[in-house]
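Please read the structure below before turning to the comments.
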Amino acid sequence: MKAVSRVHITPHMHWDREWYFTTEESRILLVNNMEEILCRLEQDNEYKYYVLDGQTAILEDYFAVKPENKDRVKKQVEAGKLIIGPWYTQTDTTIVSAESIVRNLMYGMRDCLAFGEPMKIGYYRIPLACPGNCRISTMDLALPALCSGADVRSATY
């Protein structure tokens, strides 16, 4: 058996605006995390990139507290070091309409383009609260076509 000679680690964040904490508590944690991420990207040339959870709502929350850092974020996105989007929020495809998913991608792409290029990977969430016989929704089956139309070339769950 051949030994594995290379491992790729993708630094990333999964962000829930409201899950374990209130929105306000989450925002405090987000600001602290974003400051650490931005400092690392700015100061450590060995740190290649950071994936910001496939959604742009994180930036909306961050800029509500730190609007002065928009240029700082833009610089990292343009350099390909901070990878954002393509979604506005992480969507649970089992409970929303097709229209909602299309608009989510449209809004996310719009937000991304204000800072640079969006991530070209459809980064999807996995429903955690699946009932006993969890099934793939019809929207899950439509996601590849939707993403392809937005030039999102691959996907990960």
Taking placed amide H atoms and a strict 5 Å upper bound, the residues 5 or more places from L82 or on another chain that come that close are Y50, V77
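Neighbouring Cβ atoms within 10 Å as the yardstick, rank Y88, Y47, Y107 fewest first.
Sorted ascending by nearby Cβ count, the order is Y47, Y107, Y88.
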When the chain is fully extended, how far beyond the present Cα-Cα distance does T10 get from K120, taking 0.36 nm per residue of separation?
38.1 nm
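Among S5, S100, which comes first, then next, by fewest other beta-carbon atoms within 10 Å?
On the way: S5 5, S100 13.
Lowest count first: S5, S100.
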Sort K75, K70, K48, K2 by Cβ crowding within 10 Å, fewest neighbours at the top.
K2, K48, K70, K75
Filter K74/K120; K81/K120; K48/K120; K2/K120 down to the pairs with a C-alpha to C-alpha distance above 20 Å, please.
K2/K120
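The numbers here are math on the coordinates, done by the rules we state, and not lab data. In this text the structure is predicted, and so the values were computed from the model without any measurement. Methodologically, a virtual Cβ is constructed for each residue, glycine included, from the backbone with ideal geometry; neighbour enumeration extends over all protein chains shown.
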